[in-house]
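The values are calculated or read from the model by the stated rules, or taken from the named source; none is laboratory data. As the structure is a prediction and not an experimental result, all values here were calculated from the model. FYI the Cβ positions are ideal-geometry reconstructions off the backbone, even for glycines, and counts take in every protein chain you see. For accessibility, only protein heavy atoms count, side chains too; no ligands or nucleic acids. Shrake-Rupley method; radii C 1.70, N 1.55, O 1.52, S 1.80 Å.
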Amino acid sequence: MVGITSYGAYIPLLRLSRDTIAKTWGKRSGGGERSVANHDEDSVTMATEAVLNALKGVERQQVDGLFFASTTAPYKEKQCSTIVAAAADLPSEVLSGDFANSLRAGATALRAARDAVSSGSAKNFLVTAADCRLGYPQSEDEQSFGDAAAAVLVGNTEVIATIEDAYAICDEITDVWRTDKDTFVRSWEDRWILTYGYAGNMERAISGIMKRHGLSPKDFAKAVFSAPNERSQRDLAQRLGFDAKTQLQDALFATVGNTGAAHPLLMLATALEEAKAGDLIILASYGQGADALILKVTPQIEKMQNRNRTKGYLASKRMLPSYGKYLTYRQLIQLPPEVFNLDSAATTTWRTRNWVYGLHGSKCKRCGMVAFPIQRVCYGCQAKDEFEEVRLSDKQGKVFTFSLDNLAGGLDTPLVQTIVESEEGAARIYCLMTDCDPNEVKVNMPVEMTFRKFREARGFYDYFWKCRPLR
């Protein structure tokens, strides 16, 4: 029995009202709001958050592989799944792979993970999808797109939803695309996209898998259909015979937006939060064809702790004050260079990857003192090379001290620099604080660690850990 054993989601703290976007351009507002990744977030950091969410209560040594799916990966030639795996502190023996160039990359990766576990080549496989797409300024895409990530763990024990079958359609059609030279998503005429692209392929895939199993729409508790917008999703469901009010899973268009490759997995995570044993779920994802999967919820779902993972992120939010902030966060306008900008070296990053990516500290075997970064000589008892590495990324902490730097420049002014005292052996970690109001920072404030994009130097991206107020 192969299926999903755990799931996670991540929606950035920041939101931008569509009224704010519309007012800037004198356009009509789509209503509601969209999620916006902070300036130090991208597809890799959001995917890491979703993976860490899915790994709660899971032993990392049991994970055999990780697939990363995105249309907005920060690298064109370099695996991003390895960065996510390192930040999640997975064993180095895991199989890693990137799925790209399609909005259904997340669903395709899920099917590949299911096949790997079914074949016996893996027992537990992580799949994560994240996107941070850009629509042309003034376009409908600018309002409708949203940034988010989701992750599922596929295995063959303690399965909460079995993957009964998968069905695929391949269609070479140029409807929505972005070339290697494009910053913004391009698209053909709407009727062409929706009639011959989205609706045509989704109907074939959904009808095909239902016919193969002798099922009808009334047999499903939830229909998880990714879509470019709410109307096309509803129209598709109604044409196929699904009840849009009772069966169609909320696509979060009003609160998050269309999250690209992450959309089907994010909707699936939301559906699993409310699912009951015995429920049948049909999932379908579109992109130059379509993937359709049938899942059956098991009694194991009742044992899932903290099931409301998507709902928690939806409730935790802060509105961006202006459209200009959004432009700067997406680097669509040029800003003055930072006053202080340290250089990087690929060799140094590789040598220190355990504490840079994995946020490992050293715990003395003699006195138990925990230090960060890893120290060969213990601060407490001066024992040399008598330590074990401990992971600090999943530990909460509190602000030991902090400063507000108004001269550093950059997108965060003032820059909040902190010393965080971790609950693990009272280790003290120097780091920046993100997703915060500088006026609300105080000593003993509870915080948690979050993996973020730090800078770009020498042509590659640096990632490191920051702290943030508890979400």
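If a spin label sat at a point 7 angstrom from the Cα of Glu302 along the line to its beta carbon, the backbone N atoms of segment 262-278 nearer than 14 Å would be those of 275-278. Expressed as a whole percent, the accessible surface of the chain that belongs to carbon and sulfur atoms is 49, based on a 1.4 Å probe.
Every helix of 4 or more DSSP H residues in the chain counts as -39500 (n - 2.57), and over all residues that averages to -6500 deg cm²/dmol at 222 nm.
For segment 436-465, trypsin sites (Lys or Arg not before Pro) meeting the loop criterion (DSSP other than H, G, I, E, B) and having at most 15 other Cβ atoms within 10 Å: Lys442, Arg458.
With the highest mean first, a sort of the peptides 416-422, 346-352 on other beta-carbon atoms found within 10 angstrom per residue produces 416-422, 346-352. Taking the 0 to 90 degree range and rounding to the nearest ten, how far is the long axis of helix 200-213 tilted relative to the main principal axis of the chain, both from C-alpha atoms? The answer is roughly 80 degrees.
Judged by the ratio a/c of the largest to the smallest principal axis of the C-alpha gyration tensor, segment 1-109 counts as prolate, that ratio being 1.5 or greater while a/b is larger than b/c. Remark on segment 241-335: ratio of C-alpha radius of gyration to 2.2 N^0.38 Å is 1.38.
Which order do the peptides 269-282, 379-392 take when ranked by the mean count of other beta-carbon atoms within 10 Å per residue, highest first? Present the calculation step by step, with values, prior to reporting the outcome.
Details: 269-282: 19.6, 379-392: 14.1.
Most protected by this proxy first, the peptides run 269-282, 379-392.
When all alpha carbon pairs of segment 114-263 are counted in 5 Å bins from zero, the resulting P(r) reads 2, 8, 14, 18, 20, 18, 12, 7, 2, 0 %. Model label points for Ala244 and Tyr136, set 7 angstrom from Cα along the Cα-to-Cβ axis, are 2.8 nm apart. For the chain, taking the reciprocal of the average inverse distance between every pair of different Cα atoms yields a Kirkwood hydrodynamic radius of 23.1 Å.
If a/c stays under 1.5 just call it rounded; otherwise compare a/b with b/c (prolate if a/b is bigger, oblate if not). Do that for segment 283-385, with a ≥ b ≥ c from the square roots of the Cα gyration tensor eigenvalues. Cα axes put segment 283-385 in the oblate bin.
Note on segment 374-443: Cα-Cα pairs beyond 13 Å make up 70% of the total pair count. Full extension of the segment from Lys365 to Arg391, taken as 0.36 nm per residue of separation minus the current Cα-Cα distance, would add 7.8 nm.
What is the projected area of the convex hull of the Cα atoms of segment 103-191, averaged over all directions, in nm²?
On the way: hull surface 32.2 nm².
Result: 8.0 nm².
A 1.4 Å probe run over the protein chains yields, for segment 191-265, 45 Å² of accessible area per residue, whole-number rounding. Radius of gyration over Kirkwood radius for segment 49-200, both on Cα atoms: the Rg/Rh ratio is 1.00.
For the chain, the cysteines with no partner cysteine C-beta closer than 4.7 Å are Cys80, Cys132, Cys170, Cys431, Cys436, Cys467. Look at the alpha carbon pairs under 8 Å that are at least 6 residues apart: their mean separation over the length of segment 1-124 gives a relative contact order of 25 percent.
If you sort the three axes of the alpha carbon gyration tensor as a ≥ b ≥ c, you get a/c of 1.5 or more for segment 334-471 and a/b no higher than b/c, which makes it oblate.
If you plug the beta carbon distance of Cys170 and Gln375 into 1/(1 + (r/R0)^6) with R0 = 41 Å, you get a FRET efficiency near 0.15. Mean separation of Cα pairs under 8 Å and 6 or more residues apart, divided by the residue count, gives the chain a relative contact order of 16 percent.
What accessible area per residue, rounded to a whole number of Å², is obtained for segment 37-111 using a probe radius of 1.4 Å?
Numbers: 2640 Å² over 75 residues.
Each residue of segment 37-111 exposes 35 Å² on average to a 1.4 Å probe.
The slack between Phe460 and Arg178, meaning 0.36 nm per residue of separation minus the straight C-alpha distance, is 99.3 nm.
Need the C-alpha centroid separation for segment 278-338 versus segment 394-471, integer Å. The two parts, judged by their Cα centres, are 24 Å apart.
Highest-first packing order for the peptide set 43-53, 93-103, 188-198 is 43-53, 93-103, 188-198, based on the mean count of other beta carbon atoms within 10 Å. The alpha-carbon of Lys276 sits under 29 angstrom from the alpha-carbons of these lysines, leaving out residues fewer than 8 places away in its chain: Lys56, Lys123, Lys211, Lys218, Lys222, Lys245, Lys296, Lys303, Lys311, Lys317.
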